[in-house]
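Working notes, structure below.
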Amino acid sequence: MKIAVFGASGRTGRPFVEQALAERYEEPEVRKNALYLAGEAAFLEGDSEAASGHFSELEQSFFPDHPGIG
């Protein structure tokens, strides 16, 4: 039940809207959270390739000295 509800909300694109707003307004913490949420949404929807992409971008942008944590 929980995944079905999350999946439905994930398809609305909220994480991607948050990411776009964060990039526009240069809010690093919001962008960091948006990348994480986008990765989680993709993972829970079964799109491991998209999830990996979001987590890789998160790692490269915010944790470049700690590869592999994302």
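From 23, 27, 40, grab the single residue that is of a type in the set (D, E, K, R) and at pLDDT 85 or above. Among 23, 27, 40, only 40 is of a type in the set (D, E, K, R) and at pLDDT 85 or above. When residues in region 1-20 are screened for being modelled with pLDDT under 65 and closer than 19 Å to residue 61 by Cα, 0 of them pass. With the requirement that a residue be of a type in the set (D, E, K, R), open to solvent by 70 Å² or more (accessible area, probe 1.4 Å) and in a helix (DSSP H, G or I), what does region 25-63 give you? Hits for region 25-63 are 29, 49.
The values are calculated or read from the model by the stated rules, or taken from the named source; none is laboratory data. Note that the structure is predicted; figures quoted are calculated from it, not measured. Remember, those area values only see protein heavy atoms, side chains included, never the ligands or the DNA or RNA. Shrake-Rupley method; radii C 1.70, N 1.55, O 1.52, S 1.80 Å.
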